Amino acid sequence: MSRRVDPAGFRRTSRRELLKLLPVAALGAFAIPSLQEKVLGWGLAFSDRVSGGVFRPEHLAPVFADSEVAPFEKFPINGYDVDDPGVDLDNWTLTVSGDVKKPGEYKLSQIQALPRMRQNTRHVCVEGWNVIGRFGGARLSDFLDLIGADPTARFVAVNCADDYYESLDMATARHPQTLLCYEMYDRPLSREHGAPLRLNIPTKVGYKQAKYITDFKVTSLVEKVGYWEDQGYSSFYGL
Amino acid sequence: MSASAVEIVRDLGKEEAAPMATAVYEHPLAVRVCHWLNAVSLFVMAGSGLQIFRAFPSFGAKIPQKNLMDWPKSLAIGGWLGGALQWHLTFMWIYIATGLIYLGYQILSGNYRQVLFVKRDLPGVWPMVRHYFFFGPKPPQAEAYNPLQKHAYTTVIGLGVLSVVTGLAIWKPVQLSWLTWLMGGYGMARLWHFVVMWAMIGFVFGHLVMVALHGWNNFVSMLTGWKKETIKAK
């Protein structure tokens, strides 16, 4: 409805109404270089919190029929990986430490003695591609029981033969589909795919599924979260 | 005429010669705040989304990789995948909250009625298209928003909802596996998300052209709420 306005009053009203938009200017924080990193960090941390909140330990990632699995040659090897960190397969052991009753060196045969799971699951890379692969190994939760891990510990942290490292929240570590993976496509891991041991975690993004694992620590204090997380990527990144 | 009578007539003449101003209150504060928050958010979401897309600019397999396009880094936000994800995963909350507040306000205030496209508006779309694009006659304006505007402003809300839904299917393909399945799988969800973004960019382009064509006073009404109409006295 048209209203007659006196120009001076209209200017006052316009100014007042414009000032009411000031909250929008708060977005300017993102444009200020010194504040930008901080507010983006808050945003990422919030997203991680929500991700942690919607994670359901009993919810399984989709599994696929053998016919839906991509051929082995089509399972990508990410270019960032050093595909030969010089692992001595004959003498390799997993060094277990932290809040566990039985720390020390574990041979691959001990891990292979645990019940073997095989699963066709989707691997999702942060880059945007995905591939359905076939993975085999021991349940990480079975291994945690084997080493007598403290049930109240919050994280599993792994180090790798190259300069990679990762950590996992305990709820995901104990998820039934999280594997200490030593097989792909029913054959022992090839060198490029992380021989002799990698993580397979269908409920997490690809970069959390570390290859060439050499050290395994159960802890509630993680300083270095992960190779990519410490460069600004999401820490929880549950799918 | 006496001197004083001439003065009175002269003064009256001056008053009537000056233009009378009227104004219409068009946009409530909630609509304006949401509009500008969303304008910035959508810009950041699209910009950072395109940088994310650059990391794997394909909707096919990784091996062999066939890129759909090489989107320039200069037209993206974030600088690299890690940076872009920070922008995208931060602004998505502002984007979603703004959308919910806008929808909530429109529904609770009843204000939605003037902008929601309904069946009754269908016959009026073509005459508006003909007027805007093919030099057709200007149809009589019966309501605050013409049928083509209603169509645009209703569709874009649908697109906004789809952008969030497809985004969630990509972000949580395990926890929301049913949603990702509904989209046709992870790869398809990513494609729909991309397509919806382009549809929204198309809307923004058309919207900006219309804003430019409808003058300064109309633009200002999205800042102050009031659209000044200046009528010259006879």
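Nothing in this text is a laboratory measurement; each read-out follows from the coordinates by a stated rule. Since the model is a prediction, treat every value here as computed from it, not as a measurement. Methodologically, a virtual Cβ is constructed for each residue, glycine included, from the backbone with ideal geometry; neighbour enumeration extends over all protein chains shown.
At-a-glance table
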quantity	calculated
Choice from A:33, A:76, A:202 with maximal GNM fluctuation in chain A (Cα, 10 Å cutoff)	A:33
Furthest towards positive pole of dipole, A:117, B:176, A:203, structure part the protein assembly as shown, Cβ charges	B:176
Antiparallel content of DSSP bridges confined to the protein assembly as shown, in %, to 5	90 percent
Nearest-0.05 FRET efficiency for residue A:90 and residue B:29, computed from C-beta distance (R0 60 Å)	0.25
Cleavage-rule hits, trypsin sites (Lys or Arg not before Pro), segment A:1-74, DSSP coil, Cβ neighbours within 10 Å at most 16	A:20
Residue among B:61, B:157, B:89 farthest towards the positive dipole end of chain B, charges placed on Cβ	B:61
Per-residue Cβ neighbour rank within 10 angstrom, fewest leading, A:175, A:123, B:35	B:35, A:123, A:175
Debye, to nearest 20: dipole size of chain B, +1 on Lys, Arg Cβ, -1 on Asp, Glu Cβ	600 debye
For B:169-181, mean number of other protein chain Cβ atoms within 10 Å	5
Residue list for segment B:134-168, given a label point 7 angstrom along the Cα-to-Cβ vector of residue B:93 and an amide N cut-off under 17 Å	B:168
Packing-based order for B:199-207, B:83-91, using average beta carbon neighbours within 10 Å, highest first	B:83-91, B:199-207
Percent antiparallel among DSSP beta bridges (both partners in segment A:65-176, rounded to 5)	100 percent
Estimated distance in nm for a label pair at residue B:214 and residue B:100, the labels positioned 7 Å out from Cα along Cα-to-Cβ	2.9 nm
Structure-based [θ]222 nm, the protein assembly as shown - -39500 (n - 2.57) summed over DSSP H runs of at least 4, per residue, nearest 500	-14000 deg cm²/dmol
Using a Förster distance of 60 Å, the FRET efficiency for residue B:141-residue A:223 (Cβ separation, nearest 0.05)	0.40
Residue-span extension gain [residue A:4 to residue A:22] - 0.36 nm each, minus C-alpha spacing	3.8 nm
Residue-wise HN-Hα coupling along segment A:151-167, computed from phi with Karplus coefficients 6.51, -1.76, 1.60 (Hz; x: Gly, Pro)	x, 8, 5, 9, 9, 10, 10, 10, 10, 10, 5, 8, 8, 7, 7, 8, 9
C-alpha long axis of helix A:7-19 to longest principal axis of chain A, angle in °	10 degrees
Between 0 and 90°, nearest 10: helix B:3-17 axis offset from chain B longest Cα axis	20 degrees
Dipole magnitude (debye, nearest 20) for segment A:9-125, charges at Cβ of Lys, Arg, Asp, Glu	1320 debye
Segment B:30-226, relative contact order [Cα under 8 Å, separation at least 6], %	17 percent
Cα centre as origin, Lys/Arg/Asp/Glu Cβ charges: segment A:56-231 dipole, Debye	600 debye
Euclidean distance between Cα centres, segment B:124-157 to segment B:85-120, Å	22 Å
Rounded FRET efficiency, nearest 0.05, which uses the C-beta distance separating residue B:108 from residue A:39 and R0 of 35 Å	0.70
Acute angle (nearest 10 degrees) that the helix A:33-54 long axis makes with the longest principal axis of chain A, alpha-carbon atoms	60 degrees
Farthest positive-ward along the protein assembly as shown dipole, Cα basis, beta-carbon charges - from A:96, B:36, B:108	B:108
Set of lysines near residue B:62 by C-alpha distance (under 17 Å), chain-local residues within fewer than 8 positions excluded	A:74
Cα→Cβ-extended label distance, 7 Å offset, between residue A:63 and residue A:101, nm	2.9 nm
For residues of B:37-50, the mean tally of beta carbons on other chains within 10 Å	1
For chain A, built as a Gaussian network whose Cα springs stay under 10 Å, the top-fluctuating residue of A:51, A:14, A:34	A:14
Average beta-carbon neighbours from other chains, 10 Å sphere, peptide B:223-229	5
Histogram of C-alpha separations across segment B:60-205, 10 Å bin width, %	9, 28, 32, 21, 10, 1
Cα-projected label distance for residue B:199 with residue A:50, points at 7 Å along beta-carbon direction, nm	2.2 nm
